[in-house]
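Structure first, then comments.
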Amino acid sequence: MRFIIFTRFHSQHSQGEFVVRLAAAATQLGHTFSIINPADVFLDFAQGPNPAQGSASLPECPVRWRDLPFPAADLVLPIARWDDDYTWQVVETLRAWGQPVFPHNRVPLGDHVTMARLFSRRGVPTPRSWVLNNAEQFTVIMPELQFPCLIRSRHGGRGRQFNIAQHSGEGLELAQKFSMVGQPFVVQDLPQPWGEDVRIMLIGNQIAAAVLRRAPVGFVRPRESGNLSVTPIELSSQEVELARQAASIYGAPFCAVSLLRTESGPILLEVARAPVLSEMEAATGTNLAVPLIEHLAALAGLGPQSAAGNVIPMAARQHE
């Protein structure tokens, strides 16, 4: 089979390791694997009817790759940011022209505040968060806050500076600093325990691996890689249910879910669309890339699916 990963990730991207692992596994299983960057694709809606099918046929697919028609494939898998409008326009155009595209839902994974609110509305427990514009708004929510809490800039990448307010006085001081520069800021619950999480890899709706990650010294939460320790763990039924619910909302053939074990039960921290596999594989002794490619091959054999149909139980698929 021929797989095409449609993504802007590259070898120097922290999540590029994931795509490289998929490519190696696909080659190992005898498949053809290509990576196409949306930057190399353009839309040409001036195309006329397909000359091979006569003047009454539909126009040729307007998606062009390096001045050539977009390559035929058994499965096209986009891995894109939710706010990458151009990539999503290309994805929808490919689907309209019958390409076997299996997109994930357009969930704002990179924006943890919006993501948390979206999942919370679907019944998934997440840390509470507020987006504020000034110190006066902070005083309004102060009675609801549980200290210590996290306060950071609303804008910027994941490397943005964040602050931990130990009490209301520190929180108000930080809020005033953001207000003085006219910068919106985020206030977020910081549930304990700090410095660890549970990372769960799902393929289809099946748990492929589950590990406990401990962050390097000085980090509130574990990193995507380079953590202090990663050890395999057994999940509770509540954790399994929450992970599957989060994966179903995301709607992709695979994802990694990060949970936090709190006294009141597990809560969702994040969903990763292209997780680094090496730490989970080393901890569990499991090759995760091979079953992932096998799952994609099974999806390709079923024909084009809607986004809601991407998370297909592996057992049911094998039965078919």
### Residue in segment 252-267 that is in a loop (DSSP other than H, G, I, E, B) and either more than 24 Å from Asp111 (Cβ to Cβ) or of a type in the set (Asp, Glu) (or both) present
yes
### Message
Quick check on my filter: what residues within segment 113-135 are surrounded by 17 or more Cβ atoms within 10 Å (Cβ to Cβ) and among the polar types (S, T, N, Q)?
### Response
Thr126, Ser129
### Message
Among the residues of segment 203-216, are any of a type in the set (Lys, Arg), farther than 30 Å from Ala289 by Cα and either in contact (Cβ under 8 Å) with a residue 24 or more places away in the chain or outside the structural domain of Glu239 (by TED's automatic domain parsing) (or both)?
### Response
no
### Message
Can you tell me how many residues within segment 71-81 are surrounded by fewer than 19 Cβ atoms within 10 Å (Cβ to Cβ) and either modelled with pLDDT under 90 or polar (S, T, N, Q) (or both)?
### Response
1
### Message
Looking at segment 271-289 only, could you name the residues that are in contact (Cβ under 8 Å) with a residue 40 or more places away in the chain and of a type in the set (Gly, Ala, Ser)?
### Response
Ala272, Ala274, Ser278, Ala282, Ala283, Ala289
### Task
For Val131, state whether it is within 30 Å of Glu241 (Cβ to Cβ), in contact (Cβ under 8 Å) with a residue 40 or more places away in the chain and over 20 Å from the mean Cα position of the chain (by Cα).
yes
### Message
Give me the residue from segment 226-244 that is part of a helix (DSSP H, G or I) and not acidic (Asp, Glu) and, out of that set, surrounded by the most Cβ atoms within 10 Å (Cβ to Cβ).
### Response
Ala243
### Task
Inspect segment 62-70 for any residue being part of a strand (DSSP E or B) and either of a type in the set (S, T, N, Q) or at pLDDT below 85 (or both) and give the result as yes or no.
no
### Query
Picking from Pro143, Pro108, which residue would you name as being without any contact (Cβ under 8 Å) to a residue 24 or more places away in the chain and of a type outside the set (D, E, K, R)?
Pro143
### Query
Quick one: in segment 167-208, which of the residues that are closer than 30 Å to Glu281 by Cβ and of a type in the set (Gly, Ala, Ser) is modelled with the highest pLDDT?
Ala208
### Query
Arg154 is checked against (1) of a type in the set (Lys, Arg); (2) under 25 Å from Gln238 (Cα atoms); (3) not assigned by TED's automatic domain parsing to the domain that holds Leu288 and fails just one. What number does that condition carry?
(2)
### Query
Does Pro103 satisfy the criteria of being at pLDDT below 90, in contact with a Pro (Cβ under 6 Å, 6 or more places away or on another chain), closer than 21 Å to Ala289 by Cα and not basic (Lys, Arg)?
yes
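The values are calculated or read from the model by the stated rules, or taken from the named source; none is laboratory data. Treat the numbers as computed from the prediction; the structure is a model and nothing was measured. Cβ sites come from the backbone with ideal geometry, for glycine too, and all protein chains shown count toward neighbours.
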